[in-house]
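See below for the structure under consideration.
The values are calculated or read from the model by the stated rules, or taken from the named source; none is laboratory data. As the structure is a prediction and not an experimental result, all values here were calculated from the model. As a convention, Cβ positions derive from the backbone with ideal geometry for all residues, glycine included, and neighbour counts pool all protein chains shown.
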Amino acid sequence: MAVRALGILSAVGLLVGLVMAFGVAPRETTQGNVQRIMYVHPPLAWVSYLAFVVVAVASVAYLVRRRPAADRVAHASAEVGVVFTGLAIATGSIWGKPTWGTWWTWDARLTSVAILFVMYLGYLLLRGTVEDRERAARYCAVLGIVAALDMPLVHFSVYWWRTLHQPPSLMKPGGFTGSSAILWPLLVNVGAFTVLYAYLLAKRVRLLRAEAEEAFA
Amino acid sequence: MTDVPLIRISGIRKAFGAQAVLDGVSLDVRSGEAVALLGGNGAGKTTLLKIVATIMRPTAGAATVAGHDCARAAETVRRLVGFAGHGAWVYDELTARENLRFWSTLDGGASPDETLTAALAAVDLERAAGARVRTFSAGMKRRLSLARLTLRPARVLLLDEPFSGLDQRARKWLEGYLEAFKLRGGALLMVTHSLGRELGVADRIAVLAGGRISLDTPRAGLADDDVQRLYAAHVEDPV
Amino acid sequence: MSFARRAFVVAWKDVLVERRSKETLNALAFFALLLLFVFQFALGPDRERLTGVLPGVLWLGFILSGLLALGRTFLVERDHDCWEGLLLAPGDKSAIYVGKLMGNLALMALVDTLVLGLFVVFFDIDVGHAFPGLVLVVALGTVGLAAVGTLFAAMTAHVRAREVLFPVLLLPVQVPVLLAAVKATEALLLGEPLAGVAHWIQLLAAADVIYVAVGVLTFDAILEG
Amino acid sequence: MPDNWGFVAAAYVITAVVLGVYWARLVRREKALAHRKPGRTRS
């Protein structure tokens, strides 16, 4: 079964990623071993953004074609995305305490992710309040599109608002200064978390479909 | 136009959450025909009407108006259909005339003042034309919404309890209007609760119960008592 | 042409209804006055501190009164099922969105003027040379707020817990507008020229364009019922 | 610079626990659903 294969692949990937994060990657000189959080935090943040891009794409697809399957993908991706976003914030906060000396600073990236988190919590809240499934699908599709288009605006506004920040570690082209000893473990973890996301998404979509079928029977 | 019924409802299902209100409803209304849709509270009469009117989409099945699908070609259907539901579609702070002008402009064909006056006169509202709808009784609001229907040339009328709250005069006028509408070749589907004289316009009676059409019979030759008896026999839990 | 006429008739209807009932406007005027008291009590009479937080407080005033005004706009469509009529009127549904938006902007222009006027008088702000820039920022910010607000108000009109859900959905999306508007207002009040806040103005303009475009494109799906 | 292993552990453990709980919840709901509808087959 394809879903199970994804699950096994993600488990293996995460295991390899863990070994690389602690066995292969060197101890960073300025931050010390705390920097090893980097092998979990940026992958989580990456998956958060990915999940909400998937929400937006599925939302557009739903509004155009009106297939319940597209709506289920949007719903599932939002839910999985909220879990990952929450974790990205938590790990970022844990990383911040020893490096910045505080659990929370209004750092541009942290703030952006926090706003993302609140927006998609609202999205799930809206899902929960509308009983008619078809209407919930339409409303959430619109919200998903608005939220996704809002993201660049949030990014720029927060970025200009708080210019004291480090540039994102890898996302910026040419901005990466770390050695390949750091790069590889990071990439492996990004890959592993992405597969994990795909697995959870598939599982959640399958569950939603089964629930819908049950409602029909 | 005799081969395709103006309204064709085939295998409509509509579920709200886990609960199916309509479970495979099929019904045809031909040109020049009026069908009265009966059924107990919550039988799904209004839901069915709203699906044909393109206000709701069916979970499964299809409804067509003059061959156009109500879900996929909703815009085409909307040009052919006149609808009056539970709400009167009025704004309390606008006058009767302003309400009519608003809807006719929104429909794309701002009617001239004389047409609006004529429509108001038809439902006996010409003297109240300049009064705010806030001051109107329920029956007057109802009449105003019927006046709105006359502004728009429709081939299909979908009416939800059109006679409720109307006085004798207005009833008579509406009966006349609907008869003329049938003569022009229109198709009428109306929901009703009462089994009294408003069935007079109807050529057929359909009873909706348990999510399906449980009875579909010509009205001709049926006495009031027969209708009562048939209705009681076909509604699962009589109200 | 028909699009413009249909949008206009919706806006005309909303303005007329509001002018006659004055329901929202009266409440909002009172609310703005109350806000002034609340802010004054919360911040104390310290001039120094007041100047520092004034741009933020001013926009809090705009946003809070905007939330109240926008959240109500589709209630009038719900009262006698007029909603159905809007949906069934043949033609482009985005005309209705544009009409509602215009009606809302007319209302909010009044409210914004009132809030700004009250603040200028009671907090003794020296607007002077900053005034044209300030008007521009307020206008751009209000359009952004109203564009998404109109869309979300339509969305939450039929939903349980509407009063809570509306701000909960709207506020996170409005973060960019809020940040840009507050920062630009702050700079302008400190005497900076309009060119100095060009990047914020551009962000606001971009947000307005995006929001209105999304509203026009997706309103159809919301009106469906 | 101290190593702060505690923080590293906290970050990894929290991630593992939350994702694990979410995964287990999905599995449980799927099982409960399959249990309620024993006769139905799903692709």
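See the values below:
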read-out	value
Number of positions in segment A:91-125 that are farther than 30 Å from A:TYR139 by Cα, touching a residue at least 40 places away in the same chain (Cβ under 8 Å) and not hydroxyl-bearing (Ser, Thr, Tyr)	6
From B:ARG101, B:ARG72, B:ARG127, B:ARG79, residue being basic (Lys, Arg), assigned to a helix (DSSP H, G or I) and under 25 Å from B:PRO5 (Cα atoms)	B:ARG79
Residues of segment A:1-53 satisfying the condition of being in contact with a Gly (Cβ under 7 Å, 6 or more places away or on another chain) and of a type outside the set (Ser, Thr, Tyr)	A:GLY13, A:HIS41, A:ALA51, A:PHE52
Qualifying helices (runs of 4 or more DSSP H) (wholly inside segment C:1-105; at least 2 residues being charged (D, E, K, R) and more than 23 Å from the chain's Cα centre (by Cα))	C:47-71
Counted residues, segment C:183-202 - those being crowded, with 24+ Cβ neighbours inside 10 Å and among the hydrophobic types (A, V, I, L, M, F, W, C)	3
Single condition C:THR142 does not satisfy, out of (1) more than 30 Å from A:SER59 (Cβ to Cβ); (2) away from chain A (no Cβ under 13 Å); (3) touching a residue at least 12 places away in the same chain (Cβ under 8 Å)	(1)
Condition broken by A:ALA148, with the remaining ones in (1) farther than 30 Å from C:ALA161 by Cβ; (2) more than 9 Å from chain C (Cβ to nearest Cβ); (3) hydrophobic (A, V, I, L, M, F, W, C) satisfied	(1)
Extreme residue, nearest to D:ALA16 (Cα to Cα), among residues of segment A:59-82 that are away from chain D (no Cβ under 14 Å) and buried (at least 24 other Cβ atoms within 10 Å of the Cβ)	A:ALA74
Failed criterion for B:TYR231 (all others in (1) under 29 Å from B:LEU151 (Cβ atoms); (2) at pLDDT below 90; (3) not hydrophobic (A, V, I, L, M, F, W, C) hold)	(1)
Answer from C:LEU110, C:LEU171 - the residue that is within 30 Å of C:LEU50 (Cα to Cα), surrounded by fewer than 23 Cβ atoms within 10 Å (Cβ to Cβ) and within 14 Å of chain A (Cβ to nearest Cβ)	C:LEU171
Whichever residue in segment A:83-132 is closer than 30 Å to B:THR59 by Cα and in contact with a Pro (Cβ under 8 Å, 6 or more places away or on another chain) and, among such residues, is surrounded by the most Cβ atoms within 10 Å (Cβ to Cβ)	A:MET119
Lone unmet requirement of (1) buried (at least 16 other Cβ atoms within 10 Å of the Cβ); (2) at pLDDT 85 or above; (3) more than 30 Å from C:GLY144 (Cβ to Cβ) for A:LEU153	(3)
Flag if B:THR105 is within 8 Å of chain C (Cβ to nearest Cβ), over 24 Å from B:PHE163 (Cα atoms) and not aliphatic (A, V, I, L, M)	yes
Whichever residue in segment A:135-145 is more than 9 Å from chain C (Cβ to nearest Cβ) and over 15 Å from the mean Cα position of the chain (by Cα) and, among such residues, is surrounded by the fewest Cβ atoms within 10 Å (Cβ to Cβ)	A:ALA136
Leading residue by the ranking (surrounded by the most Cβ atoms within 10 Å (Cβ to Cβ)) among those in segment A:3-51 that are within 12 Å of chain D (Cβ to nearest Cβ) and of a type in the set (Phe, Trp, Tyr)	A:TYR39
Residue under evaluation B:ASP69, criteria (1) away from chain C (no Cβ under 13 Å); (2) crowded, with 21+ Cβ neighbours inside 10 Å, criterion not met	(2)
Among the residues listed as B:LEU94, B:LEU80, the single one being at the interface with chain C (Cβ under 9 Å from one of its Cβ atoms) and either β-branched (Val, Ile, Thr) or surrounded by fewer than 20 Cβ atoms within 10 Å (Cβ to Cβ) (or both)	B:LEU94
